[in-house]
Amino acid sequence: MRRRLDQILASLGYGSRREVHGLVDEGRVTVGGTRADDAAAKVEPGQVRIDGEPLDHPDGLLLLLHKPAGVVCSHEEREGPSVYGLLPPRWRRRNPAVTSIGRLDKDTTGLLLLTDQTELVHRLTSPKHKVPKLYRATVDADLAPDLPARFASGTLLLTGEDKPCAPAEVRLLGPREAEVTLTEGRYHQVRRMFSACGATVLTLERRRFGHLELGDLPAGEWRELPLTTFGAAE
């Protein structure tokens, strides 16, 4: 779709409107192989080059990040180091902003999806879609043999809530280690579910989101995914 050249460049993080006008004035921008001379001209993003290079993900970004411990899923600087600080500066300046699809708390590690596709964020976080998410947890006490049945019962209540959790699948990996698959996304849900059963979570890692696996991706790194990974918009 044709859009104003300055709008395209600013939305992709190449600078403010004034700064991208400067790129055009300096002759660094071409459209269809011809030097651009009007930053307000309507153009196709795929025809634009800056310093001879195609635009950086003009159709949008979808990333699978291995979130390390100690960073938050927030754009608020007052909340401390953020997952967004792990990304290239230009991606952090995109508009719409790159944001996480759901959140992991500061101490939780593992698979985190990031995108600038607002519709995709809403779709994958909507309760009606029940996207399964798998977590691996270690706890401070031996897990009872009936824990899988309690999590799967659909009757487990969290402190301060009157609606029970949806059934969750548990696979015991050891006396104090388990994998949990949820289709909900309540606040600190995995930690609170174990707490309701008398155990405190010591480490928590998300290993899967929908059909996507974390695999051996190192902490703090990401891989790019096709925008069609979760199908077309509804």
| request: Report the full-extension gain for the segment Ala196 to Asp56: residue separation times 0.36 nm, less the Cα-Cα distance, to one decimal in nm. | output: 45.7 nm
| the chain - charge dipole about Cα centre, Lys and Arg +1 at Cβ, Asp and Glu -1, debye rounded to 20 | 360 debye
| query | Considering only DSSP states other than H, G, I, E and B, which GluC sites (Glu not before Pro) in the range 19-109 qualify as loop sites with at most 10 other Cβ atoms within 10 Å? | reply | Glu26, Glu76
| said: Placing unit charges on C-beta atoms (Lys and Arg positive, Asp and Glu negative, everything else neutral), compute the dipole magnitude of the range 58-102 about its Cα centre in debye, rounded to 20. | reply: 140 debye
| query | Expressed as a rounded percentage, what relative contact order does the range 5-44 have, with Cα pairs under 8 Å and six or more residues apart? | reply | 39 percent
| request: Specify whether the C-alpha gyration tensor of the range 80-158 places it in the rounded, prolate or oblate class, a ≥ b ≥ c being the square roots of the eigenvalues: rounded for a/c under 1.5, otherwise prolate if a/b is larger than b/c and oblate if not. | output: oblate
| note | Once amide hydrogens are built 1.01 Å from N within the peptide plane, the residues lying 5 or more places from Val43 or on another chain with amide H under 5 Å from its amide H are Arg3, Arg4, Leu5
| Considering the chain as a Gaussian network with a 10 Å cut-off on Cα pairs, which listed residue, Gly32, Gly80, Gly160, attains the greatest mean-square fluctuation? | Gly160
| message | For the chain, what does the relative contact order come out to in percent, with C-alpha contacts under 8 Å and a separation of six or more? | response | 20 percent
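Would you mind classifying the range 132-209 by shape? Square roots of the alpha carbon gyration tensor eigenvalues, ordered a ≥ b ≥ c; an a/c under 1.5 is rounded, otherwise it is prolate if a/b is larger than b/c and oblate if not.
rounded
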| Rounded, prolate or oblate: which fits the range 3-54, taking a ≥ b ≥ c as square roots of the Cα gyration tensor eigenvalues, rounded meaning a/c under 1.5, else prolate when a/b beats b/c? | rounded
| note | For the range 132-209, the dipole about the Cα centre with charges only on Cβ (Lys and Arg +1, Asp and Glu -1), to the nearest 20 debye, works out at 280 debye
| said: Quick check on the chain: of the DSSP beta bridges with both residues there, what percent are antiparallel, nearest 5%? | reply: 95 percent
| task | Find the lysine pairs in the chain meeting two conditions, Cα atoms under 25 Å apart and a separation of 8 or more places or different chains, and report how many there are. | result | 8
| In the range 65-194, what % of DSSP beta bridges are antiparallel (nearest 5)? | 95 percent
| query | Order of Arg18, Arg93 from fewest to most other C-beta atoms within 10 Å? | reply | Arg18, Arg93
| said: Taking the number of other C-beta atoms within 10 Å as the exposure measure, put Asp56, Asp216, Asp146 in order starting with the fewest. | reply: Asp216, Asp146, Asp56
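Read the figures in this text as sums done on the coordinates, not as results from a lab. No experiment lies behind these values; they were computed from the predicted model shown. Glycine also receives a Cβ, built like all others from the backbone with ideal geometry; neighbour counts cover every protein chain displayed.
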